[in-house]
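Written out below as structure tokens is the structure these notes cover.
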Amino acid sequence: MVYSRSEIAQFIEEEDVKFIRLAFVDVFGRQKNLSIMRDELESAFDQGVSFDASRASGFENVDSDLVLRPEVETIAVLPWRPDRGRVVRMFCSLERPDGSPYECDTRAVLKRALADAHALDVSFRFGAEMEFYLFQRDEHGVATKRPFDLAGYMDVTPLDKGENFRRQVCLTLEQMGIKPKSSHHEAGPGQNEIDFQSFDPLSAADAAVTFRFVVNTIASANGLFADFSPRPLADQPGNGLRLTVAARANGREDVASQVLAGLLEHVYESTLFYNPVAESYSRFGHDADLSYITWSKDSRASLARVPSRLGERGRVELRSPDSTCNPYLAYALAIWSSLDGVARNLSAPVESFYSHGAVTSSPSHKLPQNIEEARAAASRSEFIANRIPAPILRSYLTSSAR
């Protein structure tokens, strides 16, 4: 929903809001924020709020302050804060002091991808399924690797101790304007999954960042530690961020086949941004084998899946990303890959998928099998160089996202 500045001011007055958190992410997608008092909000809208950006990951090349510009449509109350003297959050754009856009603002990168989609009259809806583990903390509050429970896939209480936790997360997200679709215990001990309804891609990326923030906050309040890393326990299933992409051209035409072809065409060179840490590659070749660039109408062992159930036509599911990705960059690349498939009218290869230890038919090639290979693929990619700003690409080629 789009709000005017006067509506925001009225809301802040009526709801007794005292603090506004101006949020942004570094190049690796980690949320940062600066809190201002409500009397400073008008100035923040008019002039922005400057801050020292040199210590944020990927912003080290900044030789002056950056400016935060709050975006009114992203306002959300933080429900766990007191009702009196309430706290709200707004995502911000990043500018240089002269008002020019900052090239490492990854939210702006996604906006640019959406502008390209609009120019081609292609619209997108993105959904996500995000997994995480809950671990216990020791007597000093330090996170351990002791799972919160020993339940398995879709178990129920009393084996599943995460039921109330997931309920609390879902209710909190609803209060913040994010609508979960479902939740359940995953296959690993202490592993959980919450799925979202589909949004426009920018709102979906904001929701992914917010989701990690909410889960971490509620876990801490309950004496637990939430772990989104790709493989927290070496002998257990990893955590993924399965991305669902639905697209329409000219407002009506289903272009799922071209989207699928575009995603497969560019997934190898884009993998560094879907899977940005060394640990990411420990997921490949295990639970559902993500090593091969394969697709299927239904097999969950494939890299990409086109569900055939009624009501899901036109949706493509990309299964390789994990939650260490910066969703603004990952979603932008998914859009650009899809648009290339639409613009060139690409056709997906013959359906192939990993099943019972073998790959049916012959997949074109494997995904990168480690971060070094992923970096090499991104570094020589014209597709990436033409879309990801050079300073961001340098950060991913030379620095760790963790």
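The values are calculated or read from the model by the stated rules, or taken from the named source; none is laboratory data. The structure presented is a predicted model; accordingly, all values stated were derived computationally and were not measured. All Cβ positions, even for glycine, are placed from backbone atoms using ideal geometry, and neighbour counts span all protein chains on display. Please note that ligands, DNA and RNA were not included when accessible areas were found on the heavy atoms of the full protein model with its side chains. Shrake-Rupley method; radii C 1.70, N 1.55, O 1.52, S 1.80 Å.
Quick notes
- With contributions of -39500 (n - 2.57) from each DSSP H run of at least four residues, the per-residue ellipticity at 222 nm computed over the chain stands at -9500 deg cm²/dmol.
- For the chain, the relative contact order works out to 16 percent when only alpha carbon pairs closer than 8 Å and six or more residues apart are counted.
- Loop-resident sites, segment 84-156, for trypsin sites (Lys or Arg not before Pro), counting at most 14 other Cβ within 10 Å (DSSP): Arg84
- Sulfur and carbon atoms: percent of accessible area, the chain [1.4 Å]: 49
- Between Glu351 and Arg84, the simple spin-label model (points 7 angstrom out along Cα→Cβ) gives 6.2 nm.
- Rounded FRET efficiency, nearest 0.05, which uses the C-beta distance separating Glu40 from Ser220 and R0 of 30 Å: 0.60
- In a fully extended conformation the segment linking Ala115 and Leu397 would gain 98.9 nm over its present Cα-Cα distance, using 0.36 nm per residue.
- Across segment 1-79, Cα-Cα pairs farther apart than 18 Å form 44% of the total.
- ³J(HN,Hα) computed for each position of segment 15-25 - Karplus, 6.51 cos²θ - 1.76 cosθ + 1.60, integer Hz, glycine/proline x: 9, 6, 7, 10, 10, 10, 8, 8, 9, 8, 10
- Residues listed by number, segment 176-205, amide nitrogen under 17 Å from Val156 label point at 7 Å toward C-beta: 183-186
- For segment 85-199, the calculated P(r) over all alpha carbon pairs, in 5 Å bins from 0 to the bin holding the longest distance, is 2, 9, 13, 13, 14, 14, 12, 10, 7, 4, 1, 0 percent.
- FRET efficiency estimate (nearest 0.05) - Cβ-Cβ, Arg137 to Gln10, R0 56 angstrom: 0.85
- Charges were assigned to the Cβ only: +1 to each Lys and Arg, -1 to each Asp and Glu. The resulting dipole of the chain about its Cα centre is roughly 540 debye.
- Note that segment 54-145 presents 46 Å² accessible area per residue, ligands and nucleic acids not counted, probe 1.4 Å.
- The accessible area of Leu173, taken with all protein chains in place and a 1.4 Å probe, comes to roughly 0 Å².
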